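Student: The structure under discussion is supplied below as structure tokens; questions concerning it will follow.
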Amino acid sequence: MVKKNKITVLVPTFNVAKIIRRCLKSADWADEILVVDSFSRDKTASIAHELGARVIRHEYIYSAKQKNWAIPRAKNEWVLLLDSDEVITIKLREEIKKLLESKDLDNYDGFGIPRPHYFLGQWLRWGGRYPLYNIRLFRKTCRYEDRDVHAHIILPKNRVKNLKGDILHYSDPTLSHFFSKFNRYTTYQANYMMKFAERKNEIEWKKFFTYYIYTKSVIKDYWYFLPLTPVLRFVYMYLFRFGFLDGRHGFLIAVLYSFQDYVSKTKYLELKGRKPAFRFLMQNFVKSLVARSGEQPKIIDRLEIVKQ
């Protein structure tokens, strides 16, 4: 009989008392639920305790750093990363439980899981939104890329297998919620662009053409430095990946993601000391648009990057 492997579900949180119950209840089958909280000011931590989670606290810098700090603190060898706005489906739960009792588990270090993206209450089937396989189930020895935003775990292709069950991603129930994150994410991206521009970067071309997860990582690094990235983003999502089949939701998400690219690059140019008149006006417009989004991340300057 194969010995059952144990699993920790790791959930990063900050002021998510309104949605954390749904997330944690979908993980109540795990051997451990570990919540790493960024000093929430609402009842997030107390609700997590109530539902049987172990809660640890750590100051948030950006997502990858927070996750990489928390992963070694899991009690079990296998970790399932779950964001607070996500829910594990029954199909995925049963698939993982069988996997933990299977000899097949020894052949892999990570498992890709598709995530249906719900935007304003609608599942986005097109636009390149599904299936997006992210390595969410992995060994405790794995770590995320050191990126300020949109970091992933990179593993050799032969050590990764994709699963069939989904993690439901309820990321943006309202436009207000989308814009509450907009300013933070574009600042994180601008900060990372500054770091990337300052360091020596080399591409492993063989790996680039043979392993899609590494390919995605490289494209993310260079994407924002390309000319006309907002236009390319819209064309890719709405036309090339058939986002128009999602109706007005598909059009809106393509426009918003394109605008997000534009603002990220504008903030990067501002960090470099370049302020073209039109871009500067657009940035001020965006800042006023999200002025009520709460605390914003600090924009690092060039000197801080050089010292790192």
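The values are calculated or read from the model by the stated rules, or taken from the named source; none is laboratory data. Keep in mind the model is a prediction, meaning the values are calculated, not measured. Don't worry about glycine lacking a Cβ; one is built from the backbone with ideal geometry, like all the others, and counts go over all protein chains shown.
Student: Within the set of pairs 6+ apart or on separate chains, which have a first residue in region 204-216 that is farther than 17 Å from Tyr144 by Cβ and not assigned by TED's automatic domain parsing to the domain that holds His150, a second that is of a type in the set (Val, Ile, Thr) and exposed (fewer than 13 other Cβ atoms within 10 Å of the Cβ), and C-beta atoms under 7 Å apart?
Tutor: That search, which allows pairs on different chains as well, returns nothing.
Student: So which residues in region 183-237 are within 21 Å of Ser264 (Cα to Cα), not hydrophobic (A, V, I, L, M, F, W, C) and not in a helix (DSSP H, G or I), if there are any at all?
Tutor: Arg199, Asn201, Tyr224, Pro227, listed by residue number.
Student: Just name the residue that is farthest from Ala151 (Cα to Cα) out of those in region 45-87 that are among the β-branched types (Val, Ile, Thr) and surrounded by fewer than 18 Cβ atoms within 10 Å (Cβ to Cβ). Full working, then the answer.
Tutor: Keep residues of region 45-87 that are among the β-branched types (Val, Ile, Thr), which gives 47, 55-56, 61, 71, 79, 87.
Next, from what is left, pick out any that are surrounded by fewer than 18 Cβ atoms within 10 Å (Cβ to Cβ): 56, 61.
Details: Ile56: 22, Ile61: 13 Å.
Only one residue fits best here, namely Ile56.
Student: Another question, then. Hey, can you tell me all the residues within region 143-167 that are under 16 Å from the mean Cα position of the chain (by Cα), surrounded by fewer than 18 Cβ atoms within 10 Å (Cβ to Cβ) and modelled with pLDDT of 95 or more?
Tutor: Arg143
Student: Just need a number here: residues in region 1-38 that are more than 20 Å from the chain's Cα centre (by Cα), farther than 22 Å from Thr89 by Cα and either of a type outside the set (Lys, Arg) or at pLDDT 95 or above (or both).
Tutor: Qualifying residue count for the region: 2.
Student: Kindly indicate whether any position in region 182-190 is without any contact (Cβ under 8 Å) to a residue 60 or more places away in the chain and either within 26 Å of Pro116 (Cα to Cα) or assigned by TED's automatic domain parsing to the domain that holds Lys272 (or both). Break it down stepwise before answering.
Tutor: Within region 182-190, the subset without any contact (Cβ under 8 Å) to a residue 60 or more places away in the chain is none.
Checked against the condition, which is being without any contact (Cβ under 8 Å) to a residue 60 or more places away in the chain and either within 26 Å of Pro116 (Cα to Cα) or assigned by TED's automatic domain parsing to the domain that holds Lys272 (or both), region 182-190 yields no hits at all.
Student: For Leu155, all conditions in the list (1) of a type outside the set (Gly, Ala, Ser); (2) assigned to a loop (DSSP other than H, G, I, E, B); (3) within 18 Å of Lys65 (Cβ to Cβ) hold save one; what is the number of the exception?
Tutor: (3)
Student: Taking region 238-295 on its own, how many of its residues are more than 14 Å from Phe178 (Cα to Cα), part of a loop (DSSP other than H, G, I, E, B) and at pLDDT below 90?
Tutor: 6
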